[in-house]
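Engineer: One structure is given below, represented as structure tokens, and several questions about it will come after.
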Amino acid sequence: MARLTKTPAKTVDVADSYAVRLMQHLVVPTFVIDPKRRVVIWNRACERLTGVAASEVIGTNRHWQAFYEIKRPCLADLVALDRPEQLPEFYSEYAARGHNGLGFSAENWCVMPKLGSQLYLAIDAGPIHDEAGNLIAVVETLRDLTDQKRAEMALKELATKDGLTGLSNRRAFDQMLMSEWARAQRTQKPLALLFVDVDHFKLFNDAHGHQTGDECLREVARVVSRHAVRPLDLASRYGGEEFALILPDMSRDEACAIAEEIRSAVMGLRITHGANGAGEHVTLSVGVASHVPGEADGSPDGLLGAADQALYAAKRLGRNRVVCSERVLTEFVGLGRDHPTVGDQVPGLAPRRSA
């Protein structure tokens, strides 16, 4: 009987030993932590991926140092702690595959302190339980998706960037405007929009050629982009010689001040124009609108229309100026009816794009 009880124990020992050796030689980077979240296995592929030797982490809780500069849990830690609710706090892409041994999956950028470079890793972590259901270990495996992620980001950038100026393109503008409009509705804060147009640009192209015209647009784009300084600001090429700037959480007066800075900065470039009917240097006309969207405002079309009318007013008034949408009617007194009222369409001031 003693021999019968000894054989299963020996078999288990051999199996455990074989499992450890197998894990050590896996080509997939893998490490294992115990229920106290101490590293018990750190295989050779994991050493190669992280630059951290097994001897540095075995028996410790310092496995996070292989991936991050600031202390934080790895995916295996969240599995060991059974905290799926913390996944959004630490990972941009994640999935909790449920309890009963299914574990978590996630993706994110890791700074890899020992390597001195960033890697984008796909991570899977799953628990191992004994027959009684007690946690005995958590296994984490890693895949390096850096090349794929960078290729994906490059393709996304190509899809959302204007090839000539490097600013965001119309597609990115439309997406951001809808997103920020929805956010402004939730927060009840103003959303400002600037339309910036290069004055007499067709005459500029005719006089100086399209290559010089392209360089002019790049110079203007650089000025516009310098004023998109906050994380949610967006500078874009709206089309042709027209640019747009989305400025969340910004009042009309603040947005008009930025518009004037842009106009003055381009004047300061002193780009020679001189075409017949234009001034000596390249100038800008800027239309500004700002609005706090209410619940009934289903789309930002009204904001687009207001900024567009303000831009058109700036051009009708002689160009090289900033006009705010709230001042359009005042600016146009004398061009149409003597005393237009709020809500009236100013003669000759139909919007150039559908609102």
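Throughout, read-outs are computed from the coordinates displayed, never taken from laboratory work. Predicted, not measured: the structure shown is a model, and the values here were computed from it. Note: ideal-geometry Cβ built from the backbone for every residue, glycine included; neighbour counts use all protein chains shown.
Engineer: If you keep only loop residues by DSSP, which chymotrypsin sites (Phe, Trp or Tyr not before Pro) in the range 157-213 have at most 16 other Cβ atoms within 10 Å of their Cβ?
Structural biologist: none
Engineer: Which trypsin sites (Lys or Arg not before Pro) in the range 56-112 pass both tests, a DSSP loop state and at most 11 other beta-carbon atoms within 10 Å?
Structural biologist: 71
Engineer: Suppose we look only past 28 Å in the calculated P(r) of the chain. What percent of the Cα-Cα pairs does that tail hold?
Structural biologist: 60
Engineer: Figure the gain on full extension for residue 72 and residue 219 (residue separation times 0.36 nm, minus the Cα-Cα span) and round it to one decimal in nm.
Structural biologist: 48.5 nm
Engineer: Where does helix 210-225 land angle-wise versus the long Cα axis of the chain, in degrees 0 to 90, nearest 10?
Structural biologist: It is inclined by approximately 70 degrees.
Engineer: Could you pull out every residue, at least 5 positions away or on a different chain, whose amide H is within less than 5 Å of the one on residue 238? Hs are placed 1.01 Å off N in the peptide plane, and Pro or chain starts have none.
Structural biologist: Amide H to amide H, under 5 Å and 5 or more residues apart or across chains, residue 238 pairs with 243, 244.
Engineer: How much of the DSSP bridge set in the chain is antiparallel, in percent, rounded to the nearest 5?
Structural biologist: 90
Engineer: Angle check, please: helix 170-187 long axis (alpha carbons) against the longest principal axis of the chain (alpha carbons), in degrees 0 to 90, nearest 10.
Structural biologist: For 170-187 against the chain, the angle is about 80 degrees.
Engineer: Let me ask another. Which percent, to the nearest 5, of DSSP beta bridges fully inside the range 161-331 are antiparallel?
Structural biologist: Within the range 161-331, antiparallel bridges account for around 85 percent of the total.
Engineer: Restrict the search to the range 226-330; then list the trypsin sites (Lys or Arg not before Pro) that DSSP places in a loop and that have at most 10 other Cβ atoms within 10 Å of their Cβ.
Structural biologist: Answer in residue order: 270.
Engineer: Something else now. With θ set to phi - 60° and the Karplus curve 6.51 cos²θ - 1.76 cosθ + 1.60, what are the ³J(HN,Hα) couplings of the range 119-134 in order, to the nearest whole Hz, using x for Gly and Pro?
Structural biologist: Each residue's phi maps through the Karplus curve to give 10, 9, 10, 9, 10, 10, 9, x, x, 10, 10, 7, 5, 8, x, 7 Hz.
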